[in-house]
1. With respect to the numbered conditions (1) in a helix (DSSP H, G or I); (2) farther than 16 Å from GLY113 by Cβ; (3) open to solvent by 70 Å² or more (accessible area, probe 1.4 Å); (4) of a type in the set (D, E, K, R), which one is the sole condition not fulfilled by ARG20?
2. Going through region 104-121 one residue at a time, which ones are loosely packed, with under 15 Cβ neighbours inside 10 Å and of a type in the set (Asp, Glu)?
3. Check whether at least one residue in region 239-258 is β-branched (Val, Ile, Thr) and assigned to a loop (DSSP other than H, G, I, E, B), and report yes or no.
4. Would you tally the residues in region 205-238 being part of a helix (DSSP H, G or I), modelled with pLDDT of 85 or more, of a type outside the set (D, E, K, R) and open to solvent by 50 Å² or more (accessible area, probe 1.4 Å)?
5. Restricting the search to region 259-282, which residues are in a loop (DSSP other than H, G, I, E, B) and buried (at least 19 other Cβ atoms within 10 Å of the Cβ)?
6. Check ASP94 against each of (1) part of a helix (DSSP H, G or I); (2) open to solvent by 50 Å² or more (accessible area, probe 1.4 Å); (3) in contact (Cβ under 8 Å) with a residue 24 or more places away in the chain; (4) under 17 Å from ASP64 (Cα atoms) and name the one condition it does not meet.
7. Examine region 316-326 for a residue that is assigned to a helix (DSSP H, G or I), modelled with pLDDT of 80 or more and either more than 16 Å from PHE269 (Cβ to Cβ) or within 32 Å of the chain's Cα centre (by Cα) (or both), and state whether such a residue exists.
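The values are calculated or read from the model by the stated rules, or taken from the named source; none is laboratory data. Here the structure is a predicted model, which means the values were calculated and not measured. Quick reminder, even Gly has a Cβ in these numbers, built from the backbone with ideal geometry, and neighbours come from all protein chains shown. To get the accessible areas, we keep the full protein, side chains included, count just its heavy atoms, and leave off ligands, DNA and RNA. Shrake-Rupley method; radii C 1.70, N 1.55, O 1.52, S 1.80 Å.
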Amino acid sequence: MSKVTSSCILIVDDNVENQRVIAGHLIEHGHAPLFAGNGFHALDILDEEKPDLVLLDIMMPGIDGWETCRRIREDHSALELPVVMLSAKNSLNDIMRSFDVGANDYVTKPIIGRELIARVQNQLLVKHGVRERDALNDSLRELTENQQTFFSVLAHDLRNRLASSISLIDVVTHQVKLEPNYHELCQIAGQELARTHLFLDNLLTWGMREMRQADYQPITFRFDELSSKLHLFAEMHLARHQLELINEIPAKLDVYGDFDLVFAILRNFLDNAQKFSEPGSRIWLQSRDEPDFLCITVKDEGPGMSEEQVAQLRQNGPVIPQDTIERAGSGFGLQLSRSFAARHGGRIEIASQLGEGSAFTLCLPRKS
């Protein structure tokens, strides 16, 4: 069994001979004893010193060991400062009373050295184990904070660089006279950069949220707060495809959820809609009420999917229509959206028919 040595242990006993015998056992096993002749003296020592454990006799003049232990527990938890009671009393009532006032263990007199040391070691192992756990938790917390800082800096820099590149490509495409082949190449480059930007944003959002599993912050907000960000996204990604975004959701509609996660889900829905929509077509934002849910839908006029493809997508499998394979992605955006919806206790619905477009719906539980 592992041993803890070099611990400071306070012996509280009014009998000097008992103090000497107990100290001998402790010193033999590498511990350093402190001495108190009564409960008041012990409490005074604890105000000045920080022993690792207290061996506390019950029957003493002044205040007895039970009252002393009760007062110790007013300032020190059982994990912070273990207390082992010592007494010739061995009735069940005496033992239970010791535990009731906060003792960690109980040793009956006359003291048997091996038993005393075994019980002391056990309490010290528990205490040091808690210390090591807390130190490890502190290290992990610091590591997580460093990772979050790294991700934040990385996300900021990469997003800015990609956004600058996308803007530059747009300027070249629309304001510089180019040969048709170069113009087409610039359009393709702009589309690929936009997809990379969205994929990276999804990846970084997921990474940050996974590092902070408990970082789910639902609030009540109006839909117009969300739609303003969605329209900015539409201006960047839908306009270049000549797609019209039609918002049929009331501006004052109350939405309950984590604002950033809800935005990420609907942004992915919009990206999927534009990916499979022909130039000049329309995309709708719609809502419907259910008794326990608010549902927000992104609907498009794309090629739609067969029943088999919809079933495959509902089973988390990627669907790549043969006529749009060059526009398909990894499916990570939908997987991320499912994860974020589940974090709300919500769900995602998929409806589609060949030749009639598709509709992706986020259903959020109403605030309890």
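1. Condition (2) is where ARG20 drops out.
2. Passing the criteria: only GLU115.
3. Yes, that holds for at least one residue.
4. 1
5. PHE276, SER277
6. Among (1) part of a helix (DSSP H, G or I); (2) open to solvent by 50 Å² or more (accessible area, probe 1.4 Å); (3) in contact (Cβ under 8 Å) with a residue 24 or more places away in the chain; (4) under 17 Å from ASP64 (Cα atoms), the lone unmet condition for ASP94 is (2).
7. No, region 316-326 has no match at all.
So that you can scan it fast, the table gives a plain yes or no per residue for (1) of a type in the set (Lys, Arg); (2) loosely packed, with under 14 Cβ neighbours inside 10 Å; (3) in a helix (DSSP H, G or I):
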site: LEU56; (1), (2), (3): no, no, no
site: MET60; (1), (2), (3): no, no, no
site: ILE63; (1), (2), (3): no, no, no
site: ALA78; (1), (2), (3): no, no, no
site: SER98; (1), (2), (3): no, no, yes
site: GLN123; (1), (2), (3): no, no, yes
site: HIS128; (1), (2), (3): no, no, yes
site: LEU136; (1), (2), (3): no, yes, yes
site: LEU140; (1), (2), (3): no, yes, yes
